[in-house]
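Peer 1: Got a structure here, written out as structure tokens. Questions coming.
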Amino acid sequence: MYNFLFHLIMELLGLIFLFLSFTVIVAYFCIMVLSALEMRDQRRKNRFADYQDIITSPMAPGVSILAPAFNEGASIVQNVKSLLSLHYGKFEVIVINDGSKDDTLEKLCQGFEMELTSYAFHSEIASNKIKGVYRSSNRSFSRLIVIDKENGGKADALNAGINVASMELMACIDVDCILSSGSITRMVRPFMEETNRKVIAVGGVIGIANNCDVQDGTVTKYRIPDSLLGRFQVIEYCRAFLMGRMAWTRINGLMLISGAFGFFNRELVVEVGGYFPKTVGEDMELVVRMRRYMEEKGQPYKVSFVPDPLCWTEVPEDEAVLSRQRNRWMRGTIETLQLHRVIKMNLKYGLMGMISYPYWSIFEKMAPVLEVLGLLYTIVLISIGDFSAFYFIAIFVVLYLLSILVSSFSLLYEQIAFNNYKDKKDLNKLIMTILIEPFYIHPKVVYWGLKGHWDFIKGKGGWGQMIRTGFKKSEDKKKLKSTVNSQT
Amino acid sequence: MLISSLVQFRLKKDGYDTFLVKDGNAGILAIDQEDPDLIITDVMIPFKNGIEIIQYARKTKPNVPIIVLSSLGEEEQIVLEAFNLGVADFIPKPFNPNELAIRIKRILQ
Amino acid sequence: MRINRAKIVLFFLLTLHPFKMCFSQDSIRSLTDSTSLINFLSNHEEIPGLAFRLVFSTPEQLVTLGADSIIDLTNDGLAISRRFDRLAQVSSWKGNFASHDSIQSKLQFSLFEQPVTWKNVLKFTNSGLANGEISNSTTLSKNSSDLISMAHQAPFLSTKKKGFGYFSDIKIFLITAIIILFISVTVGMIIYMIIFKSNKNKTERLRVEYDEKIVGPLSEILFDRSRQELNSLSSEELYGYFSSDLLAKPLFKEVLIERILSLNKTMKGDFKLKLKELYKRLEFDKLSIRSLSSFQWDKVVSGLVQINEMDLEEAESDVKKLVNSSNFYIRSQAVATLLNISKSVDLSFLSDQNFPLSRWQQMNYLRIIRYLQSHKELKVESLFSSANQSIRLFGYKLVRILGRVDLVQLMVDRFDEVPELERIEMLYTFEILGVPVDSRLINSSLLTSNDKLIRRAAMAAGQIGDETTEKMMWKILPTITSFQLKKSILRSLKTLNPISYEAFIETNTLLDIKEINSHLLDPLLQDV
């Protein structure tokens, strides 16, 4: 009897895995096609865009750049200087000193002649205590505002910045990112172009600056990083950022915008209650909440994406740092998906609920778990001498080939779109990385993902209880404010 | 680039010896190495702000006149800054190359 | 009891029976004569070692018949067929000569290549049947599993586990289908991309090449020739500058057009006219107009841009047709072009737009209109009566940015009829232009429940309010809950009448009022 049951289960599992593999293949095909179409349209549009005009036109929206800073004393003045010299007419730079323990604030005050003001504001969004708002007495730095506050984490710092921001749009960036001088003009365009739908957020691409020559805020010479991990991240950048997000944008299903370079409609962010500081994936959580809000209100909207290389940062090449980053990403993903469980397969939430959420749930969140299970399954099949094991080994071979082909496609995609990595030797190294990745690096990524799951279950870092109950409506974040305030 | 080439062509015809650079960094090098009698620059150029070029030129070669071309319009902050630094002339885009040639002649006299 | 036990025993016997699957041999057959032997062998599969041949007594007849060459000759000179492993084969081969009764043939048996008599074969077969080497089955079955069961007298067990039998075929099919589909499509895509990329590289190189080829001749034409000369230039001389085979290439034409256009943007005066002349001489204007009817939207838009830059007024009617196109870019560029080349000052094509106007479009049109202001007297007021709200809003913005103070009265007249969103825009315009309008407009706006409207009215009041406005502000301030709104109102009050403002601050002890006051007094925060 048990024999029969066992075989039945194995049979069912086999079918499930087969179905999953099939879905993965189909999904990747769709991504490749959609992203190609979107890129073609974007390039055509770019030909007719006069970016120079936006810089000074009165029709262009104002932008508040929010840059939280924590212990950035060493390079803060340099970074802020480059931010202040972006090519745009109407913008302000708000640096939020999140209770730095070093001399960040002093450096800022010295470098830009900042003085304390009697700024009166009302916390539309809750944040930790703000100790002071500074402005410069030097007219050349009139665009700069510095907020000094008690430490509360990145989301909290951003919330404080949102309270002070006065422009129509807000851009959340990491202060150590390098922005090219035309970034604002390019990112602002989707907000200006749409006629029928409200653009609530625009995401950008974060390029990899490791080993590249950077001068005056632009990368002058592209080189791939030296380490294998670095090169893997270049491939991932082509595949996940460039191809993946372009595909999602085409069907308006983009659920994640990088916290290091994202533009938002400020008023809407205030309406949904700002960032939620109790999650490690605050960037994704905000976007999902904003989307939910628009769906619940029934207003047509779009989350847009600009693929041009406008922002660069140094990515971790050290394995310890990278593993922590991936752990954090996984926990953030799980937390966000958990918080917004309501939208799962819920027709009321349109495409986001029916396609984006399940995709993220299965292929991003559960991916490491499923992969390990699939591997175990095949091993079991082999050990009991079942002929079907052969099929599943074949599936693994197919998936390996798929991974190579998708990565190569994404690399070609980058070549056609931007052609930044021109050096033949670099390209060869990248191809080698593509071939090795599934064997050498992917298992590590899977392991880090699993560890992320484990850490989440143990309740590390996040705010366990709240996350387990989730948000029933997007407005729940605001109600949260009162419970937070009453508890702290 | 084409405009610069065109201007260069015109100036060559008038008998001037010209040196054309593509961006701000090359421009600074050229100011050092070529020892020009006149500098013509735009305000928005790759890698460096035009103002930085002007500042550099004023510092290292204070006697060399500078002509600034710009499409930003005369009210712009940057243009005012340029004037404060002491440029010889300012020509807004769109411009007439013949006019440019006349002004150059006048300045170099 | 006994009967029950008997029943049980009987039941057992019956149930035992199925488990005796192939162990049993129902009856050991024994063949007795040649007929039963032939019968048995005719219906039987090949028996190892046993072979059959046909011997013919009249070879000449076979020759005349042209029997196939599998016939040999025995030592006695008799024709003998090839070896057959099954008797059934012999019968069917023999059927070839069925029509020829005269052919006499005899069956010859052989065991292990030795010719034997039927009696030997009978003995052989019987002993084979007895010890199980020859199976009893008389049906010729094609099932391979039967073959195996013939070979071993073992019970039949499926080599695949129970249940998998259902799905095995589908799995193979699915997986092979997936693999084939997948590989073919992806390989196809990659090949396509590689071809695309190499084409792109080639185009890039050609562009650079053409660029270099263009600079020289273009500069020469522009600087050396006057306009009249250009006009009267013969075709040969023109081709002397640009070789005719280069001009025939579409990419070259494209690059040349782009260069002419970019120069046109940055030059003025005589040069612009020369460039226009050159454009016409090279017949590029016809090219531009033709591209308006292309199916690809980016080609249409390129054509529109060219027409725009080159002021090809003759294309006006063609451009008008595209003004309400469903493609955003075509629409946007068509209106922009029309604004430029149209001789009429009436902006009706703009006010007749069905689609909402995006800010991007507004930016572009503003730039054009601003430029045109100096040449033409544009009827901006026609936008006010458009059915499209975004166009009306654009109209008010234009009044503000262009400083058309003459149109303010028209706006004031419409103020009460328009929705609140438009009133906000109007108030902003009044504020920026600094035109004193009836304070009733501001005061009534302050009393509404629309926060944005109140805010805008408050901000305008600072510039263009009067005493009534001041009193109104005093009245509503206690009722306002929004911090931002309070700040705006107080700021305006301060600008309008500092004394009144001071008085208000004195009398009011609320904390946030105090904060706002310090904020407003702070010199560093003047613009925030």
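The values are calculated or read from the model by the stated rules, or taken from the named source; none is laboratory data. Keep in mind it's a predicted model, so treat the numbers as computed, not measured. With ideal geometry, Cβ positions are generated from the backbone for all residues, glycine too; neighbour counts draw on all protein chains shown. Heads up: the accessible areas ignore ligands, DNA and RNA and are worked out on the full protein's heavy atoms, side chains in. Shrake-Rupley method; radii C 1.70, N 1.55, O 1.52, S 1.80 Å.
Peer 1: Quick one: what are the phi-derived ³J(HN,Hα) couplings along the stretch A:61-69, Karplus 6.51/-1.76/1.60 with θ = phi - 60°, whole Hz, x for glycine and proline?
Peer 2: Here the 3J(HN,Hα) series is x, x, 10, 9, 8, 9, 10, x, 10 Hz.
Peer 1: Then there's this: Compute the distance from the alpha-carbon center of the stretch C:410-481 to that of the stretch A:147-198, in whole Å.
Peer 2: 31 Å
Peer 1: Which GluC sites (Glu not before Pro) in the stretch A:1-77 sit in a loop by DSSP (not H, G, I, E or B) and have at most 12 other Cβ atoms within 10 Å of their own Cβ?
Peer 2: Qualifying residues, ordered by number: none.
Peer 1: Same structure, new question: In this model, which of A:Lys45/C:Lys197; C:Lys452/C:Lys514; A:Lys365/A:Lys451; C:Lys343/C:Lys376; A:Lys221/A:Lys424 are farther than 18 Å apart at the alpha-carbon?
Peer 2: A:Lys45/C:Lys197; C:Lys452/C:Lys514
Peer 1: Further question: With a 1.4 Å probe and all protein chains kept in place, how do C:Asp522, B:Asp37, C:Asp416 rank by accessible area, largest first?
Peer 2: The residues order as B:Asp37, C:Asp416, C:Asp522, largest area first.
Peer 1: When you have a sec, figure out the Kirkwood radius of the protein assembly as shown from all distinct Cα pair distances and drop it here in Å to one decimal?
Peer 2: Over the protein assembly as shown, the inverse of the mean reciprocal pair distance is 37.0 Å.
Peer 1: Something else now. Would you mind classifying the stretch A:5-85 by shape? Square roots of the alpha carbon gyration tensor eigenvalues, ordered a ≥ b ≥ c; an a/c under 1.5 is rounded, otherwise it is prolate if a/b is larger than b/c and oblate if not.
Peer 2: Note, shape of the stretch A:5-85 comes out oblate.
Peer 1: Roughly what would the spin-label model give for C:Leu510 and C:Leu447, points 7 Å off Cα along C-beta, in nm?
Peer 2: Between C:Leu510 and C:Leu447, the simple spin-label model gives 2.1 nm.
Peer 1: Another question about this same structure. What do you reckon, how do C:Ser294, C:Ser374 stack up by accessible area (1.4 Å probe), largest on top?
Peer 2: The residues order as C:Ser374, C:Ser294, largest area first.
Peer 1: Please give the per residue volume of the convex hull enclosing the alpha carbon atoms of chain A, rounded to a whole number of Å³.
Peer 2: 158 Å³
Peer 1: So what's the back-of-envelope 222 nm ellipticity for the protein assembly as shown, counting only DSSP H runs of four-plus at -39500 (n - 2.57) apiece and dividing by all residues, rounded to 500?
Peer 2: -18000 deg cm²/dmol
Peer 1: With a ≥ b ≥ c taken as the square roots of the eigenvalues of the C-alpha gyration tensor of the stretch C:471-528, please select rounded if a/c is under 1.5 and otherwise prolate if a/b is larger than b/c or oblate if it is not?
Peer 2: rounded
Peer 1: Please compute how much accessible surface disappears when A pairs with C, both sides summed, using a 1.4 Å probe, and round it to the nearest 100 Å².
Peer 2: Answer for the A-C pair: about 5600 Å² buried.
Peer 1: For A:Glu115, which sequence-distant residues (separation of 5 or more, or a different chain) have an amide H within less than 5 Å of its own amide H, given hydrogens modelled in the peptide plane?
Peer 2: A:Arg135, A:Ser136, A:Ser137
Peer 1: Determine the gain in length on full extension of the stretch A:Ile9-A:Lys101; use 0.36 nm per residue of separation and subtract their C-alpha separation, reporting nm with one decimal.
Peer 2: In short, 27.4 nm is gained.
Peer 1: Could you check how much of the accessible area of the protein assembly as shown is carbon and sulfur, as a whole percent, using a 1.4 Å probe?
Peer 2: 57 percent
Peer 1: Amide H to amide H under 5 Å from A:Phe305: which residues, 5+ apart in sequence or cross-chain, H placed 1.01 Å off N in plane?
Peer 2: A:Gly203
Peer 1: Rounded to the nearest 0.05, what FRET efficiency is calculated for A:Lys297 and B:Phe19 with R0 set to 51 Å and r the Cβ-Cβ distance?
Peer 2: 0.25
Peer 1: Show the residues, 5+ positions off or on another chain, whose built amide H is closer than 5 Å to the amide H of A:Ile65.
Peer 2: The answer is A:Glu92, A:Val93, A:Ile94, A:Ala171.
Peer 1: Please compute how much accessible surface disappears when B pairs with C, both sides summed, using a 1.4 Å probe, and round it to the nearest 100 Å².
Peer 2: Counting both chains, the buried surface is close to 1400 Å².
Peer 1: Which whole-Hz ³J(HN,Hα) couplings does the stretch C:400-407 yield from phi under the Karplus relation 6.51 cos²θ - 1.76 cosθ + 1.60, θ = phi - 60°, glycine and proline marked x?
Peer 2: Whole-Hz 3J(HN,Hα) from phi for the stretch C:400-407: 5, 6, 8, x, 7, 4, 5, 8.
Peer 1: What residues does the stretch B:5-43 have that are buried by at least 10 Å² of accessible area in the full protein assembly compared to the chain on its own, 1.4 angstrom probe?
Peer 2: In the stretch B:5-43, residues shielded by partner chains: B:Ser5, B:Leu6, B:Phe9, B:Arg10, B:Lys13, B:Asn25.
Peer 1: Rounded to the nearest whole Å², what accessible area per residue is found for the protein assembly as shown with the 1.4 Å probe?
Peer 2: 49 Å²
Peer 1: For the stretch C:247-374, report the % of Cα-Cα distances exceeding 25 Å.
Peer 2: It works out to 23 percent of all Cα pairs.
Peer 1: Return the average number of partner chain Cβ atoms within 10 angstrom of each residue Cβ along peptide C:355-367.
Peer 2: 6
Peer 1: Computed over the Cα atoms of the stretch A:24-133, what is the ratio Rg over Rh, Rh following Kirkwood?
Peer 2: 1.14
Peer 1: Please check the stretch C:252-267 for residues whose accessible area, probe 1.4 Å, is lower by 40 Å² or more when all protein chains are in place than in their chain alone.
Peer 2: Flagged in the stretch C:252-267: C:Leu263, C:Thr266, C:Met267.
Peer 1: With a 1.4 Å probe and all protein chains kept in place, how much accessible area does A:Met32 have, in Å² rounded to the nearest 10?
Peer 2: So the heavy atoms of A:Met32 present about 0 Å² to solvent.
Peer 1: Just want to confirm a number: the relative contact order over chain A, from Cα pairs under 8 angstrom separated by 6+ residues, in percent.
Peer 2: Relative contact order for chain A comes out at 17 percent.
Peer 1: Can you figure out the FRET efficiency of C:Tyr241 with A:Val26, using R₀ = 35 Å and their beta-carbon distance, to the nearest 0.05?
Peer 2: The computed FRET efficiency comes out at 0.05.
Peer 1: With a cap of 12 neighbouring Cβ atoms within 10 Å, and only residues DSSP puts in a loop, list the trypsin sites (Lys or Arg not before Pro) found in the stretch C:471-527.
Peer 2: Nothing satisfies the criteria.
Peer 1: When only the heavy atoms of the protein chains count and the probe is 1.4 Å, how do A:Asp98, A:Asp226 rank by accessible area, highest first?
Peer 2: A:Asp226, A:Asp98
Peer 1: Count neighbours as other Cβ atoms within 10 Å of each site's Cβ, and list the trypsin sites (Lys or Arg not before Pro) in the stretch C:316-361 that are DSSP loop with at most 14 such neighbours.
Peer 2: C:Lys343
Peer 1: Continuing with this model, one more query. What order do you get for C:207-214, A:366-373 when each peptide is scored by the mean count of other beta carbon atoms within 10 Å, highest first?
Peer 2: The packing order, highest mean first, is A:366-373, C:207-214.
Peer 1: Calculate the FRET efficiency for C:Asp466 and B:Asn98 from the Cβ-Cβ distance with a Förster distance of 51 Å, rounded to the nearest 0.05.
Peer 2: 0.40
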